[in-house]
Every structure is written in structure tokens, then in C-alpha cells.
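Structure, as C-alpha cells:
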Amino acid sequence: MGVTSPLKGHSNSYSLNKKLFLPFSVYAPYALFALLLIALFRLSFHPFSSSINQSPVSFSREGNVYENPCNYSNGKWVHDRDGPLYNGTTCGTIKEGQNCILHGRPDLGYLYWRWKPRKCRLPMFDPNTFLRLLRNKHIAFVGDSIARNQLESLLCMLATVSKPNLVYTSGADNKFRRWHFDSHKIVVSVYWSPFLVRGVEKSKTGPNHNEVYVDSVDERWGADLVHIDMIVLSIGHWFLHPAVYYESGSVLGCHYCNGLNHSEIGFYGVMRKAIKTALKTIIERKGANHGDGIDVFLTSFSPSHFEGQWDKFGACPRTKPYRKGEKRVEGMDAEMRAVEVEEMETAKLNAKKFKGRLRLETLDVTKLSLLRPDGHPGPYMYPFPFANGVHDRVQNDCIHWCLPGPIDTWNQIMLQVIRRWNIRSRRGVRLIP
């Protein structure tokens, strides 16, 4: 048997080492050129993004510091194995019709998704941070049942670290309520005001349509503005119902008012007027005195997901988010959102005329909500709807959101905006328009 020499192939290895370990000065220019090409490629295809936790700042000639805010409205839903902060049994403030877990919804996959913005990170909701930033403040949710849905989501997340005490309730279905967080002296209220402006709702004893006065704010919440430090407005779905609209004491027109001698004018323009009146009232009442002020959020339109008649089995049957490219914001959803975004931008300009601290932002949740057809109670608005078998006729809620559910993300985003405002006020950072 022959013995292989340990020196076999040694000369080739030595030659390779000589080539690899040439003096640095020989290959340095080529290496630097390659690194420069890589850097340029990286900047071309992956430009820097910003978020509340990665806030790049820039400086103007005057020395002002500017911050690029994160655009939380663009992104996708990704699977999240951690799940929500709370469940249907640990939170006592969930409206019965939105407690999908307690009502026996069998598929729980809808709980394990999180929103991932395209160019920045959205941290989990931190209830301790929220309570710390809003210490000694009064937060009011004003609007329709979607406003109440968002309020109850916030209460459930805060209740994981501090108990909310109900201190006031009034109105049918507890439409006006107030809680107190003793740990941080925070007041959280909800005001039923489906138009934001003064309105008379249709009833069995009154007219079979709503009456809306677009130039007169609803004083059920307007009168309390002096005591409110942060307000979250949310409207939309009630404008789809038949209504007669009034302005300056006269009939402006109507929507679905068959049998009445009024002009059909639709509802987009009317909703715009109502939002304009509400924001103008808030700004004028809270911005007049230097030092006084308010933080204002306008939650954008939350789409429904009916795929059939509301009282038929399978009206909103989906169990997963829409995939990329499967659904776009269009039609009525896009129009409603556009009205809200445009009126908020107009209000921001108006607010600059006043001395008080006025911070306003659209909570743009239309797209992320549209992509979650799986997040509604559906037939589980009632307990165990199929306990006696599946029936063709069953009521479905494909408008409101299960708690916990996708609507928790709205409050996640809201907290990040509040954090950004707080950082800006402490550091003197201005946002780039």
C-alpha cells in the first residue's frame, strides 16, 4: 500500500496563498470601488424609512429640527403567534355583541395577525406608556358605534395593567359613559353622536328618516369641550340611512327621501359639512386662549364586509385577511376616506391661526381595516348561534369588530402618534409636512 506524501499539492496551495495575501495597497482601490457600488445600489432600491422608534431628523438653515413621521396606513397583515393582550373573559367592558370568543366563535385564527407598515415598525401597544402619556387627562370618543367599538378596545388593553372604574352612564344602551383610571387620574368618556352635528334620529314614533343640521354642532359633546384634553371622532355609516338635511334654518336636500318634496343630494357633501363644522368648533373653542388646547383624532372610514344579505347564513364568512392585491380601497370606501382626510388637512391649516396648543391627525385605518374581512362578529353577535343547527336565516354583524380583533391596531397606531407628539414637544422637533 503506498503512502501519500504530506507535501502532495503543497505547491498549488502555496501559490494560492500568495495570490490571496497580496499587499493591501494592491487591491484596496478595487475593494473600495465595489463597496461604493453596493452602497449606491442599496440606496436606490431601499431608501431610508422612518418610524416613531427610528426617527431620522434633518436640520433647516434656521436650525430647526424636523422629523419624518411614519406612514402607518400602508402595509400588510402578517401572522403573529403572540396574539392579543386580552381575551373575551379577561375584559369586562366588551359590548356583548362584539365578544366573539365568549359567544363561541370556533375559528380563533383571526386573533393571530398583526399590521406591518411598509417602511417602518409598529410596536405592540404598551398600556403603561399610554397611561403615563395621558396622566391627568380627559379622553373622549365621539361618534357612532364604531367610535364606541374603538373605545372598548382601548379600555380592554388599558385594563391589563389598571382597572377602569365606571363612574357615569346615561342614555339608552349606555350611549353616554365615563370611566376613571385612579392609578393615573385619567378620565375616558364616550359620547353618542352619529353625525357629530345636531341630529334627530328616526324612530318608531317620529319620522322614518334622520334629520341632520350640518351647521350646528351636537352640544351633547360640544358643551363638554372645556373639560376634554383629547378627542377621537368617528362617523360614517349613519350617513347611509335616509335623511333630510338642514343648513341655515332651511332644507338643504335629502338622501333616500321618497315621498318628500326635497332634492336628492346624496351624503358625501353633507358628511363633509358635518366634519367641517365639528373640527371648526373644536379649534375655535379650544384654540382661543394661549396655553389651552386639545389633541384631535379623526378616525377614517371603517369598511363593512357583507358578501350577502345581512340576515342570511354566510354574510361575512371569511377567516383570513385578504392577500396582497386581492382587495383595494375604492368606491364608497375611498370617497368617505377622502372626505375625512381632506377636511382634516383643511382643519390643520385653520388651527395655525390660533395660539392654543392644537394637534390634529387623521387616524387613517381604512386600508388596514378593509383587508380584514375575518375580523367581524358575523353571526356571533349572539351567543352560540348554531347550537341548534345551522339555519338559513341568521343575523350578521359585518360592520363592527370582534374584541379582541383588528380594531386593537387602531389604538396601537394612535399611541404611536401620541408618542411622536410628545417627543416633538420635548425636543422641539417639527414634522415635515
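The values are calculated or read from the model by the stated rules, or taken from the named source; none is laboratory data. On a predicted model such as this, the values are computed, not experimentally measured, just so you know. Counting neighbours? That spans all protein chains shown, and the Cβs are built from the backbone with ideal geometry, glycine included. Remember, those area values only see protein heavy atoms, side chains included, never the ligands or the DNA or RNA. Shrake-Rupley method; radii C 1.70, N 1.55, O 1.52, S 1.80 Å.
Could you list, ordered by first residue, the pairs with Cβ atoms under 7 Å in which the first is in region 71-97 and more than 20 Å from Leu415 (Cα to Cα) and the second is of a type in the set (A, V, I, L, M, F, W, C) and open to solvent by 70 Å² or more (accessible area, probe 1.4 Å), at least 6 apart or interchain?
Gly88/Leu102; Thr89/Leu102
Is there a residue being at positive phi and either touching a strand residue (DSSP E or B) at 6+ places or on another chain (Cβ under 9 Å) or of a type in the set (Lys, Arg) (or both) anywhere in region 174-194?
yes
Between residues in region 165-194 that are under 20 Å from Leu131 (Cβ atoms) and residues that are open to solvent by 30 Å² or more (accessible area, probe 1.4 Å) and acidic (Asp, Glu), which pairs lie under 7 Å by C-beta distance while being six or more apart or on different chains?
Asn165/Asp182
Does Ser300 satisfy being under 30 Å from His138 (Cβ atoms), under 21 Å from the mean Cα position of the chain (by Cα) and touching a residue at least 24 places away in the same chain (Cβ under 8 Å)?
yes
Is it the case, given these coordinates, that His255 is surrounded by 14 or more Cβ atoms within 10 Å (Cβ to Cβ), at pLDDT 95 or above, farther than 23 Å from Val217 by Cβ and not basic (Lys, Arg)?
In short, no.
From the list Val78, Val65, which residue is at pLDDT 90 or above and farther than 21 Å from Arg148 by Cβ?
Testing whether each residue is at pLDDT 90 or above and farther than 21 Å from Arg148 by Cβ leaves just Val78.
So which strands (runs of 3 or more DSSP E) stay within region 139-213 end to end and still have 2 or more residues that are within 21 Å of Val296 (Cβ to Cβ) and among the hydroxyl-bearing types (Ser, Thr, Tyr)?
The strands (runs of 3 or more DSSP E) meeting that bar are 186-192.
So Arg328 fits all but one of (1) within 30 Å of His103 (Cβ to Cβ); (2) without any contact (Cβ under 8 Å) to a residue 60 or more places away in the chain; what number is the exception?
Condition not satisfied by Arg328: (1).
Pick from Val341, Val329: which is touching a strand residue (DSSP E or B) at 6+ places or on another chain (Cβ under 8 Å) and open to solvent by less than 70 Å² (accessible area, probe 1.4 Å)?
Within the list Val341, Val329, the selection yields Val341.
I'm trying to understand the selection: among the residues of region 74-86, which are touching a Pro at 6+ places or on another chain (Cβ under 8 Å) and either open to solvent by 60 Å² or more (accessible area, probe 1.4 Å) or under 25 Å from Arg328 (Cβ atoms) (or both)?
Within region 74-86, Asn74, Gly75, Trp77, Leu85 meet the criteria.
What number of residues in region 350-365 are part of a loop (DSSP other than H, G, I, E, B) and out of contact with any helix residue (DSSP H, G or I) (no Cβ under 6 Å at 6 or more places or on another chain)?
Residues that pass the stated criteria total 4.
Between His237, His227, which is loosely packed, with under 15 Cβ neighbours inside 10 Å, closer than 20 Å to Ala147 by Cα and touching a residue at least 40 places away in the same chain (Cβ under 8 Å)?
Just one listed residue meets the conditions, His227.
Out of all the residues in region 386-399, is one or more over 24 Å from Ala288 (Cα atoms), at pLDDT 95 or above and in a helix (DSSP H, G or I)?
no
Can you tell me which of Asn411, Asn350 is under 27 Å from Tyr72 (Cβ atoms) and open to solvent by less than 10 Å² (accessible area, probe 1.4 Å)?
Testing whether each residue is under 27 Å from Tyr72 (Cβ atoms) and open to solvent by less than 10 Å² (accessible area, probe 1.4 Å) leaves just Asn411.
Here is a check on your reading of the model: is Glu335 surrounded by fewer than 23 Cβ atoms within 10 Å (Cβ to Cβ), within 25 Å of Asp144 (Cα to Cα) and in contact (Cβ under 8 Å) with a residue 12 or more places away in the chain?
So Glu335 fits the description; yes.
I'd like to check something: does region 395-408 contain any residue that is crowded, with 23+ Cβ neighbours inside 10 Å, among the polar types (S, T, N, Q), in contact with a helix residue (DSSP H, G or I) (Cβ under 9 Å, 6 or more places away or on another chain) and closer than 30 Å to Leu279 by Cα?
For region 395-408, residues crowded, with 23+ Cβ neighbours inside 10 Å, among the polar types (S, T, N, Q), in contact with a helix residue (DSSP H, G or I) (Cβ under 9 Å, 6 or more places away or on another chain) and closer than 30 Å to Leu279 by Cα: absent.
Applying the selection to region 99-125, what residues are within 22 Å of Ser162 (Cα to Cα) and either surrounded by 19 or more Cβ atoms within 10 Å (Cβ to Cβ) or aliphatic (A, V, I, L, M) (or both)?
Asn99, Met124, Phe125, listed by residue number.
Do we find a residue being of a type in the set (Asp, Glu), surrounded by 16 or more Cβ atoms within 10 Å (Cβ to Cβ) and either at negative phi or touching a Ser or Thr at 6+ places or on another chain (Cβ under 8 Å) (or both) anywhere in region 264-277?
no
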